[in-house]
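The values are calculated or read from the model by the stated rules, or taken from the named source; none is laboratory data. All of these numbers come straight from a predicted model, not from anything done at the bench. Every residue, glycine among them, receives a Cβ derived from its backbone with ideal geometry; neighbour counts consider all protein chains shown.
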Amino acid sequence: MADGGQHRAVADEPDTSTDRTPGGWRSRRRISWAAGIVVAVLLIAGAAVMTNALRGSGTADPAALRPDPSGSAPAFGPTATPSPTPEPGAGLTGPLNLLLVGVDTRISDPDWEPHADAVLIMHVTKELDRAYLFSLPRDLVVDIPPFAKAKFGGQRTKLTHAMSYGSRSADGKTKPSATQGLELVETTVSRYTGIAAWDASAVLTFDGFDNLVDALGGVDLNIDQRVASQHRQPNGEHRPGNAGGDGYAGPQMVYEQGQRHLNGWQALDYSRQRYITGGDYARQRHQQQLIKAIIGRVVSEQLARDPNRLEQVIRALGETLVFSGRGQRVIDFAFALSGLRPEAITLVGLPGASVGKGGSYRGEQLTQAGTRFLTELRAGRVDAYLAANPKLVVTQ
């Protein structure tokens, strides 16, 4: 991409493909549609960008195929043997580190600064056939470094603020930018985890998750505990503010334990709740389960064979997604990860505890088991560590 890999998800990305031969990469079209949204764990928009790039791919400039208005036959020299077209993603090798940030935005308020309510990391193995998905607490106390673009001097505070501080304009006149905020989140998370660089990253708004799930026809989730919603009524309407104090009032949507099929607003609402048993750590688990359910839905045989449905999915996202691929296209990641299946994704829950002074809550910190996971991940010993600490593995 001309913009160095930074773009909003669109449904009409220009076609850059060249190979129409049966042995070319277009012959892998079906599996790559599915793989495109496997990347959607963190880069939710993969499939449709790829669908449009692949549809109508050709080797010639369309203008060169039009008849010569003079009526004379064009002169051709000897036909050259075409060079093999490299498959998309051929240059991508593992391991890969991908970052997804889910943000809370208020469309009605153009000056509202986005907050990082979900920070998820996917580590893909060197062979690109297995992955580990884990979250960092939104209230994790971290050192947010200085960020000149927002005239931010740096602060030790909650991770969620990295997005809002980074989104501010230096002149104070431009509305907050989630694209710019992502840069500060990347740097902050990098310094905390020791993951030196991100191969790709994305920001998705809550509306984007809602629309995505609806476009997929809903998802099946195993509700692992009874959850009463702070934000929604049983009919899906938002609960009104509590006139007598903080919080909300009125009837609550309740998610009962068991296997459930949820639509968009239900899946999002369920995965957002943190005033439940387990607090924010339970919410992280639910968010991971939702993402894995989305992947499973997209790579199902039925959906993988229906390019029109996949286009519908990507169109539903609109401008709710920001993607940065460090010069690589979404299609490149999709092809590179075509062998990654939902069952090969391990969900990991990093344990933590609250920190503060006196009765004042300051935030969260990971326990030694959680920070050790990050160390073992960087060293390539994560399998052995999880085998020795099975309680870190999130079951469905």
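Exactly one residue out of V322, V348, V298, V254 is more than 30 Å from Q368 (Cα to Cα), modelled with pLDDT of 85 or more and either crowded, with 21+ Cβ neighbours inside 10 Å or in contact with a strand residue (DSSP E or B) (Cβ under 9 Å, 6 or more places away or on another chain) (or both), and it is V254.
Remark: pairs (first residue in region 255-269, within 11 Å of G236 (Cβ to Cβ); second residue in a strand (DSSP E or B) and not hydroxyl-bearing (S, T, Y); Cβ separation under 6 Å; 6+ apart in sequence or on different chains) = D269/R232.
Listed here are the residues, each with its yes/no results for (1) among the charged types (D, E, K, R); (2) touching a Pro at 6+ places or on another chain (Cβ under 8 Å).
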| residue | (1), (2) |
| --- | --- |
| Y132 | no, no |
| S164 | no, yes |
| K175 | yes, yes |
| G194 | no, no |
| N211 | no, no |
| R226 | yes, no |
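So which of V141, V124 is modelled with pLDDT under 95 and either surrounded by fewer than 23 Cβ atoms within 10 Å (Cβ to Cβ) or out of contact with any Lys or Arg (no Cβ under 6 Å at 6 or more places or on another chain) (or both)? None of the others qualify; the one that does is V124.
Of the residues making up region 106-117, those that are surrounded by 14 or more Cβ atoms within 10 Å (Cβ to Cβ) and either modelled with pLDDT under 85 or in a strand (DSSP E or B) (or both) are W112, H115, A116, D117. The residue pairs whose first member lies in region 353-369 and is part of a strand (DSSP E or B), whose second member is among the charged types (D, E, K, R) and surrounded by 14 or more Cβ atoms within 10 Å (Cβ to Cβ), and whose beta carbons are closer than 6 Å, counting only pairs six or more residues apart or on different chains, are S354/E364; V355/R362; G356/R362; G363/D139; G363/K158; E364/D139. Within region 230-251, the set of residues being in contact (Cβ under 8 Å) with a residue 12 or more places away in the chain and touching a strand residue (DSSP E or B) at 6+ places or on another chain (Cβ under 7 Å) comprises Q230, H231, R232, R239, Y248.
In region 380-396, the residues that are within 11 Å of V348 (Cα to Cα) form Cβ pairs under 9 Å with partners that are among the acidic types (D, E) and part of a helix (DSSP H, G or I), at six or more places apart or across chains, as follows: V382/E376; L386/E376. Across region 379-396, the number of residues qualifying as assigned to a helix (DSSP H, G or I), surrounded by 15 or more Cβ atoms within 10 Å (Cβ to Cβ) and not aliphatic (A, V, I, L, M) comes to 1. When each of A202, A162, A178, A215 is tested for being surrounded by fewer than 22 Cβ atoms within 10 Å (Cβ to Cβ) and of a type in the set (A, V, I, L, M), the lone residue that passes is A215. Of (1) surrounded by 14 or more Cβ atoms within 10 Å (Cβ to Cβ); (2) over 18 Å from V394 (Cβ atoms), D171 satisfies all except one. Which? Here D171 meets the rest and fails (1). Residues in region 170-200 that are in contact with a Ser or Thr (Cβ under 7 Å, 6 or more places away or on another chain) and under 15 Å from P146 (Cα atoms): how many? Of the residues in region 170-200, 4 are in contact with a Ser or Thr (Cβ under 7 Å, 6 or more places away or on another chain) and under 15 Å from P146 (Cα atoms).
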